[in-house]
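I have placed the structure first, in the form of structure tokens, so that the comments after it can refer back to it.
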Amino acid sequence: MIDYDFWKFWITVANSVGTVLLAVWLFVTNRSRVNTARIDRLEDHTDGRIDKLEDHVNERIVEHDKWLERIEERNKHMPTHEDFKRVHARLDSLSEEYRQLSGEFKGASHTLNLIHEYLLKEGKK
């Protein structure tokens, strides 16, 4: 004969275990779904902020490029190193000529002073 109480007990145990397993599975899947939704919102928010940041950086890069182009255009007309070399060479030659003229004027001044002295001393005699 079939023992209905025995089978009833094991069916109840199996039903309880199945219910607990189902509850755990539902908890895990719902938690996963909630986490996925949070992650999706975070991704959307972060993507929006990154897009704004990229737009701002790109805008600044374009402004910087334009600024560099203006500076390069202005610097095209600036003297080069070779130009400064030529100016320096001309200044060196002018400086040498100035020293030479200065020496000649000192000599002429000395001669003039000698003539002046001679005229003052000899002119009294």
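Using only alpha-carbon positions, what ratio does the radius of gyration of the chain give when scaled by 2.2 N^0.38 Å?
Taking the Cα Rg and dividing by 2.2 N^0.38 Å, one obtains 3.73.
Please work out the average accessible area per residue across the chain, using the 1.4 Å probe convention, and give it in Å².
99 Å²
Quantify, in whole percent, the carbon and sulfur part of the accessible surface of the range 70-125 (1.4 Å probe; protein heavy atoms only).
60 percent
Let me cross-check residue 111: its accessible surface, 1.4 Å probe, with only protein heavy atoms counted, in Å² to the nearest 10?
Using a 1.4 Å probe on the heavy atoms, I get roughly 70 Å².
Mind grabbing the accessible area of residue 76 for me, 1.4 Å probe, Å², rounded to tens?
140 Å²
The values are calculated or read from the model by the stated rules, or taken from the named source; none is laboratory data. Computed from a predicted structure; not experimentally measured. The accessibility values were calculated without ligands, DNA or RNA, using every heavy atom of the protein model including side chains. Shrake-Rupley method; radii C 1.70, N 1.55, O 1.52, S 1.80 Å.
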